[in-house]
Structures are given as structure tokens and as C-alpha cells.
Amino acid sequence: MMPRPARVQLFATCLVDQFFPSAGHAAVEVLERCGVEVLVPADQTCCGQPAFNGGFAEEAAAMARVTIDALSRSDDPVVVPSGSCADMIVNHYPELLEGDAAYGPKAKELAARTYEFCQFLVDVLGVDLPAAPPGPALAYHASCHGLRGLGLRDQPRRLLRAVTGGRCADLPDAETCCGFGGLFAVKMGPLSGAMLDAKLEAIDRSGADVVVATDVSCLMHIGGGLHRRASRVRTRHIAEVLAGQGHD
Amino acid sequence: MTEPALAFHRRIDAALADARLRRALALTTGRLAGGRAAAFDALADAEACRHEARRARASAIASLDSHLDRFAREATARGCTVHWAETAADARQIISGIARERGIRLAVKSKSMATEEVELNEALEHAGVRVVETDLGEFVVQLGGDRPSHIITPIIHRSRQDVAALFQEKLGAAPADVADIPAMTALARRVLRAEFLQAGMGISGVNLAVAETGSICIVTNEGNGRLTTTLPRVHVALLGLERIVPTAADLAAVLTVLARSATGQASPVYTNVMTGPRRPGAAPGGQQAGDPDGPDELHIVILDNGRSRLLGTPLAEILYCVRCGACLNVCPVYRLIGGHAYGGVYPGPVGSVVMPGLHGAEDWSELAHASSLCGACRDVCPVKIDLPHLLLAVRRDAAARRLAPVWIRAAMPIYAAVATRPWLYRLAGRAAARLARALQHEGWIRRLPGPLAAWTASRDFPAPASRPFVAEHHARKAAAR
């Protein structure tokens with residue numbers, strides 16, 4: 001394990017930046033509470049995953065270079081409040097920029113010091129968060145890329161168990177995709193919508209008041225479905241729950 | 001969008017609207033996926049088994065030429081006749097020719113996706129050979145003039161009641177014959193037994209071929225494969241040229257994971273390894289080595305049909321596939337739409353790579369977009385094929401051929417221009433937020449314009465934040481100082 005870092009850089013992701021700023025502020029708050037100084041590089045944009053997943057490798061590589069530059073002004077570890085965008089940096093940047101003499105090595109170097117938020121808290125900081133007062137019933141949805149790309153399985157569940165005093169269970173079929181998939185949700189709208197229906201049924205069955213995930217992309221999708229159906233169930237990024245913001 | 005892509009979207013819509021299909025798919029894929037998971041959990045070191053199977057397949061594909069040559073040499077030395085079919089038409093012609101030259105009028109078949117791929121039945125019927133499918137599922141497919149919709153369970157889209165009605169209509173079955181599944185199976189068995197005894201030719205696929213011994217292996221659960229390959233005088237096996245392993249030990253490594261992945265069985269009911277046709281000379285009480293049964297002739301037709309073109313390309317890894325169907329059973333897309341919607345012989349994640357790989361991006365690359373890239377397929381593949389990676393390779397190829405929808409091709413450079421200029425990204429964010437203010441109600445947008453309407457058809461879209469995180473964070477820090 002690396003020595004405990006005193007400072008990290010937060011790569012907020014474009015969705016947190018533009019749509020769910022509260023998840024970003026919560027991530028900063030939790031990290032600072034753990035005694036870590038948080039830098040937020042001002043010139044960060046989008047990691048390029050939508051282009052990458054669409055098959056537009058050149059555009060994706062251009063965005064990867066900009067992200068690498070933004071996160072390489074310091075060699076502090078990078079924390080990402082998204083398994084999917086962290087997976088993009090960790091697993092796909094090195095491959096995407098393999099033939100790039102200047103950025104190929106930088107991509108590898110960045111990949112080696114990039115962590116998804118929960119991964120960083122548990123695997124690097126080894127934190128023990130204090131239990132929060134009993135709140136609403138939470139259900140955890142395991143986002144695909146964190147789960148299968150980064151092996152993010154126990155860390156979020158451990159954190160949630162600790163802070164909620166066991167008031168967080170897995171959704172039924174917690175590890176089945178919600179159907180977001182970036183452009184997939186638009187390009188294959190009816191399919192994506194049918195996958196979402198299955199997820200919403202599982203949420204219904206769970207009886208949970210709040211759905212928690214490590215990625216706001218899934219939560220934007222699930223939350224959009226819940227709101228369309230006028231559901232009482234809310235969505236929260238895991239950082240918000242850990243910061244004690246499980247309620248409305 | 002291209003016409004094949006539009007047709008694919010129409011088939012998806014039709015499948016999603018078919019409640020009976022959805023129920024049948026959910027039931028069977030769930031059972032198969034659950035069986036697979038339990039079978040691998042029961043292994044002492046499942047990861048090591050997958051690793052070994054992958055190694056066996058990778059070593060075969062890495063020097064496919066020499067393994068194929070060796071296989072052909074060894075099989076010939078053991079009395080087989082080896083044929084090479086570069087295209088589907090070649091395969092049809094070779095097999096029809098074998099039947100015609102021998103005056104064969106009836107052929108029985110065990111299950112084979114490769115014969116589906118080359119549309120062999122139609123060609124044989126055309127050549128005056130009646131063909132009878134003997135795998136129970138394929139038998140039902142043939143009776144119904146249907147197509148298989150799953151690699152392993154071809155009638156996953158059919159209910160028991162469908163099959164009962166079909167048996168009554170096509171076989172004149174009495175109600176007692178279709179009362180339950182054992183009764184229906186018994187009926188099929190009576191019908192098929194008569195065909196086995198009369199057939200002049202048995203046709204099978206090949207699950208795996210062993211280069212060092214010239215053997216072919218087929219696995220089945222119904223015993224029909226064994227009858228097909230031993231009773232008729234002539235056995236023709238159609239072998240996809242990638243389905244080879246160097247050694248018998250490699251065969252064992254793949255068999256360890258094959259049935260577990262396909263059906264959750266530790267091993268299939270019948271594993272047949274066949275090395276050459278029947279050796280003559282066996283006489284009652286005789287000293288000479290020979291075989292008491294088996295076909296007089298064993299023809300092995302090695303099929304390319306686009307496979308060798310994949311060697312050395314980003315899609316080459318798909319040649320490791322042993323067609324277990326595990327990736328279909330866990331795919332959230334396959335589980336909703338089934339195999340027919342994909343439109344080709346091979347559906348699901350594997351089909352979405354194989355079809356464009358073998359038959360061209362123009363007609364088939366849209367399949368690779370019917371995936372959220374969730375990665376469930378990669379987690380269950382017995383030879384650890386990185387399917388999402390291959391789906392991305394198909395998408396890259398499609399984008400390079402300008403097959404993406406016009407709006408995506410138009411939007412991509414704009415999005416890239418914005419995201420590579422932080423100042424423009426911030427500006428565009430503010431502009432989008434202002435624009436969205438008119439569309440939103442209490443933080444949500446109910447209807448988006450243009451292609452984005454596909455999102456709001458089934459869910460709301462969040463309004464952009466009025467104060468983006470990064471800017472707000474810096475404003476707060478500055479205020480605190």
C-alpha cells in the first residue's frame with residue numbers, strides 16, 4: 001500500500017460538474033474530514049468516454065490528453081466520484097494512447113495513481129467513518145464499470161454498512177445494468193428504457209426510500225425514471241450518504 | 001441510419017412488445033445463468049480453469065495454420081476424408097456432392113450452428129435429400145419452419161404449449177402425446193428413431209477438433225449426436241476452422257468449462273471423441289483390431305467463411321469462442337429481446353462481434369451498439385474473451401466507415417471541440433443551463449428535442465445545475481480565504 005497521501009486531486013467528472021454538483025461538494029467534504037487536502041483542477045472537462053464508447057477513438061484521445069494535462073500538474077493521487085470515469089482513465093487511457101510517444105507514458109502514470117472515490121477511502125486511506133443516526137432505508141446499486149472494470153465490490157458496501165448501521169441492503173439484482181450506457185440510452189432508447197423498467201421494478205420490490213450508487217450517471221438514469229413515474233424514492237451519490245446527506 | 005440498422009431497431013421494438021417472448025426469455029436465461037454460476041462456484045479454482053481453457057484456445061489460434069495442417073494430416077491418416085470450404089457456398093456444394101454421389105435420400109442431423117450458418121438444410125433439400133433435425137429443440141425449429149434463437153437452447157422463445165400445439169398440427173399428435181414434456185419427448189423419440197434407422201448420412205457440427213490426433217469431439221445431452229455419427233453409413237462433420245485445440249489435454253481443459261458455462265452441468269451427458277471412421281476387420285472372436293460399429297466414411301468439412309480474415313485483426317480474439325452461450329444468458333439486452341431480433345445466426349454479445357466480423361460492418365455493425373457495455377458477458381466467458389473490448393472494436397470500425405447516425409457524426413466534433421477547451425466547456429455549460437431553464441420544471445425536463453427525445457420517451461432528464469461544481473468549489477474556497 002502507498003503511504004497515506006496528504007493531498008489528492010478531485011476529478012469531478014462532467015456529469016457531477018454540470019448536473020450533480022452536490023455529489024462533488026460531498027466528496028470534498030468526506031475527503032477533508034478524513035484529513036486529506038483536496039485540489040480541484042480548474043481546467044478539467046470530460047474524460048471522453050462517450051466518444052470512446054461510440055467508436056470515435058481520435059476524439060476520445062484528444063479529450064484524454066486534455067484530462068491528462070489537467071491532472072498532471074501535480075503528481076498527487078486522483079480521486080474520481082465515478083467508477084465509470086475512473087475505469088476510463090485506469091483501463092482505457094493507456095490503451096487509447098498506446099501509440100502516442102508523448103502521452104502514452106503519461107497515461108500509464110496517471111492510471112497508476114487514479115482511484116474511484118470508495119476505492120480510495122477503503123483501499124488507500126483505510127478509513128473508518130463514524131456511524132450516522134438512523135435514516136431512511138437505503139438500497140445499493142452496483143454500477144457496472146466500477147464493479148467489473150475496477151473490482152469495486154466490497155468497498156462501497158463496507159462504507160455504507162458502517163455509516164448507516166446496517167440500514168443499507170443490496171437492491172435485488174443489484175449487479176444488473178440499469179441500462180444507461182451513455183449514448184446507448186439515446187441511440188437504443190427503447191432497449192435502454194426496458195432495462196430501466198426492470199431496475200425500477202427491483203427498486204420497488206426492495207422497499208427502499210433511497211437508491212445509492214457510486215456513479216451519478218446511473219443515478220441520473222434511475223432518478224429520471226423514478227421522477228417520470230412520480231415515485232417517492234430518491235437517489236443519492238454515495239459521497240452524499242457518507243457526508244450525512246441521506247435525507248432530502 | 002442504414003437500412004439493416006433500421007431493420008434491427010424494428011425487430012428490437014417488436015421483441016420488446018412481445019410479452020410472451022419476454023416471459024420465456026426471463027425464465028430460461030435466468031435458469032441457465034444460475035446453473036452456470038452454481039457450477040463455477042462448485043469448482044475449487046474456477047479462475048484457474050478459465051485461464052487454462054483460454055490458454056488452450058489462444059495457443060490454437062496463435063498458430064492456426066499449423067494446427068489445421070496437422071489436424072488434416074492426422075485425420076486423413078486415420079481414414080477420414082478432409083475437405084476445405086472457403087465459403088458457405090463451397091460447404092453446401094461439397095456436402096450436397098457427397099450425398100449425390102452416394103445416392104443418399106435421407107440425412108439425420110445433430111445440432112450444429114455452423115450448418116445453420118451455411119444454410120445447409122435448404123441446399124440438401126434442393127439436392128433431393130430429406131434432412132431431419134434430431135436435436136429436440138432443432139426438431140421443433142424444423143417442424144415450425146422457425147429459426148434457432150439461442151446457440152444452446154434453440155427454442156428458448158417457445159413455450160411448452162407452443163410446442164404441444166405444433167406437435168398436434170404437424171405430427172397429428174393425440175392429446176395424450178402432448179400432455180406433458182415427457183410425453184412430447186417420447187413422441188419425438190418415436191418419430192426420430194425411425195429416421196435414424198433409415199438415414200444414409202449423419203451430419204454433425206464439431207465442438208472441438210484435436211490437432212495431434214485428428215479427432216473430433218461433439219457434446220450433446222440427448223444422445224442424438226451419438227446416433228447421428230454412428231448409425232448412418234456416412235458421417236459428415238462441419239468444422240468451423242477456428243474450433244481446434246492442439247492436444248487432447250487442451251481438449252480436456254476446454255471441456256472442463258464448456259458444459260458448466262452452457263447449462264451448468266459438470267459435464268454433458270454425451271461427450272463423443274471420434275477418431276476416424278469405423279476400422280474394418282473386427283470379426284467375432286477375431287484377433288484383428290477393428291470397430292464393431294461406426295460409419296464407413298467420415299468426411300470432415302473445414303469451413304472458413306470469413307473466419308481467417310479475422311486473424312491478426314482487433315477482432316481475432318472472438319475466434320477463441322467455443323459457442324457455449326453463457327454470454328447470451330447474462331446479457332441484459334439478449335434477455336429482453338432474444339436471438340431473432342439480432343437477425344443473424346449468432347445472437348447476443350458474441351453474435352454482435354461474429355456477425356460483423358464474418359459478414360461485414362455495413363450490414364451488421366449496428367448489433368454492437370445494442371450493448372450498454374456492462375461487461376457481464378466478459379465475467380462469464382469460459383475462455384475470458386474481452387467482449388466489451390471487441391464490441392468497441394466493431395464500433396470503431398463502424399465509425400471509421402461513417403456508419404454512425406448523422407446526428408452523432410455531426411455532434412461528435414462539436415463535443416470534442418468543447419471538451420478539449422476548458423474555457424469553451426465552461427461557456428457551453430453556462431449556455432446549456434440557460435437554455436434548459438426554459439425546458440425544465442422543478443429541476444427536470446420532460447421532453448428533449450431532436451434525437452435526445454429518445455431519452456425523454458421513457459424517463460425525465462435532469463436540468464443542468466445553475467452553479468457547476470468546479471466553479472462553485474473555487475468560489476467557496478476564495479470566499480473562505
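How many angstrom lie between the Cα centre of the stretch B:202-281 and the Cα centre of the stretch A:136-208?
A separation of 41 Å, based on Cα centres.
Cβ under 9 Å from B:His389's Cβ, B:His389 left aside: what net charge do those residues give with Lys, Arg +1 and Asp, Glu -1?
Taking every other residue near B:His389 into account, the sum is -2.
Name the helices (complete DSSP H segments) of chain A with a Cα length along the long axis of 24 Å or more and a Kyte-Doolittle mean of at least 0.5, or state none.
Taking the DSSP H segments of chain A (at least 24 Å long, mean hydropathy at least 0.5), we get none.
Using Cβ counts within 10 Å as a stand-in for footprinting exposure, how do B:Glu86, A:Glu116, B:Glu101 rank, fewest first?
B:Glu101, B:Glu86, A:Glu116
Taking every alpha carbon pair in chain B, what does the distance histogram look like in 10 angstrom bins from 0, in percent?
4, 17, 26, 23, 14, 8, 5, 2, 1, 0, 0
Would chain A count as rounded, prolate or oblate if I go by the C-alpha gyration tensor, calling it rounded below 1.5 in a/c and otherwise prolate when a/b exceeds b/c, oblate otherwise?
oblate
As a footprinting exposure proxy, order A:Tyr140, A:Tyr93 by other Cβ within 10 Å, with the fewest listed first.
A:Tyr140, A:Tyr93
Using a 4.7 Å Cβ cut-off, which Cys residues in chain B lack a partner cysteine?
If one checks each Cβ against the other cysteines of chain B, B:Cys49, B:Cys80, B:Cys217, B:Cys321, B:Cys324, B:Cys331, B:Cys381 turn up with nothing under 4.7 Å.
Taking the Cβ of B:Pro182 as the center, what net charge do the other residues with Cβ under 14 Å away carry, scoring Lys and Arg +1 and Asp and Glu -1?
For residues surrounding B:Pro182, the net value is 0.
Could you tell me the extents of the protein assembly as shown's C-alpha atoms along the three principal axes, largest first, rounded to whole Å?
Projected onto its principal axes, the Cα set of the protein assembly as shown covers 101, 58, 48 Å.
Please compute, for the alpha-carbon atoms of the stretch A:7-124, the extent along each of the three principal axes and give them in descending order in Å.
Largest to smallest, the principal-axis extents are 41, 27, 24 Å.
Taking N as the number of residues in the stretch B:308-368, what value does Rg over Cα atoms divided by 2.2 N^0.38 Å take?
Computed over Cα atoms of the stretch B:308-368, the ratio equals 1.08.
Could you line up B:Thr275, B:Thr185, A:Thr13 from fewest to most neighbouring Cβ atoms inside 10 Å?
Sorted ascending by nearby Cβ count, the order is B:Thr185, B:Thr275, A:Thr13.
Over every pair of different alpha-carbon atoms in the stretch B:339-481, take the mean of 1/r and invert it; report that Kirkwood radius in Å.
Its Kirkwood hydrodynamic radius stands at 18.5 Å.
Starting from 0.36 nm per residue, how many nanometres of slack lie between A:Lys108 and A:Asp154 once their C-alpha separation is accounted for?
Fully extending the segment from A:Lys108 to A:Asp154 adds 14.0 nm.
For the stretch B:119-246, compute Rh as the Kirkwood radius over C-alpha pairs and then the Stokes-Einstein diffusion coefficient at 10 °C and 1.306 mPa s; write the answer in µm²/s, rounded to an integer.
Estimated diffusion coefficient is 99 µm²/s.
For the stretch B:80-218, calculate the relative contact order in percent as a whole number, restricting contacts to Cα pairs under 8 Å that are 6 or more residues apart.
26 percent
Suppose we keep just the DSSP beta bridges with both residues in the protein assembly as shown; what percent of those would be antiparallel, to 5?
Taking every DSSP beta bridge within the protein assembly as shown, about 20 percent pair in antiparallel fashion.
Output needed for the stretch A:129-242: three equivalent-ellipsoid semi-axes, defined as square roots of 5 times the C-alpha gyration tensor eigenvalues, in descending order, whole Å.
One finds semi-axes of 23, 16, 11 Å for the stretch A:129-242.
Which number do you get for Rg(Cα) / (2.2 N^0.38 Å) in the stretch B:1-128?
Against the empirical 2.2 N^0.38 Å value, I get 1.54 for the stretch B:1-128.
Taking only DSSP H segments of four or more residues, each worth -39500 (n - 2.57), what value at 222 nm results for chain B once the sum is divided by all its residues, to the nearest 500 deg cm²/dmol?
Mean residue ellipticity at 222 nm (helix-derived): -15500 deg cm²/dmol.
Any chance you could get the radius of gyration and Dmax over the Cα atoms of the stretch B:407-480, in Å?
My reading of the Cα-based Rg and Dmax gives 14.6, 45 Å.
Can you give me the angle between helix B:406-419 and the longest principal axis of chain B, using Cα atoms only, in degrees from 0 to 90, rounded to the nearest 10?
With rounding to tens, the tilt is 50 degrees.
Using the crude model of +1 on Lys and Arg Cβ and -1 on Asp and Glu Cβ, and no other charge, please compute the dipole size for the stretch B:279-382 relative to its Cα centre, in debye to 20.
Using only the charged Cβ atoms, the result is roughly 320 debye.
Could you work out the relative contact order of chain B, using alpha carbon pairs under 8 angstrom and six or more residues apart, expressed as a whole percent?
20 percent
Angle check, please: helix B:181-198 long axis (alpha carbons) against the longest principal axis of chain B (alpha carbons), in degrees 0 to 90, nearest 10.
Around 50 degrees separate the two axes.
For the stretch B:2-74 and the stretch B:163-183, compute the distance between their C-alpha centroids and round to whole Å.
After rounding, the separation between the Cα centres reads 31 Å.
No lab work stands behind these numbers, since they all come straight from the coordinates. As the structure is a prediction and not an experimental result, all values here were calculated from the model. A quick note on method: Cβ atoms are made from the backbone with ideal geometry, for glycine too, and the neighbour counts reach across all protein chains shown.
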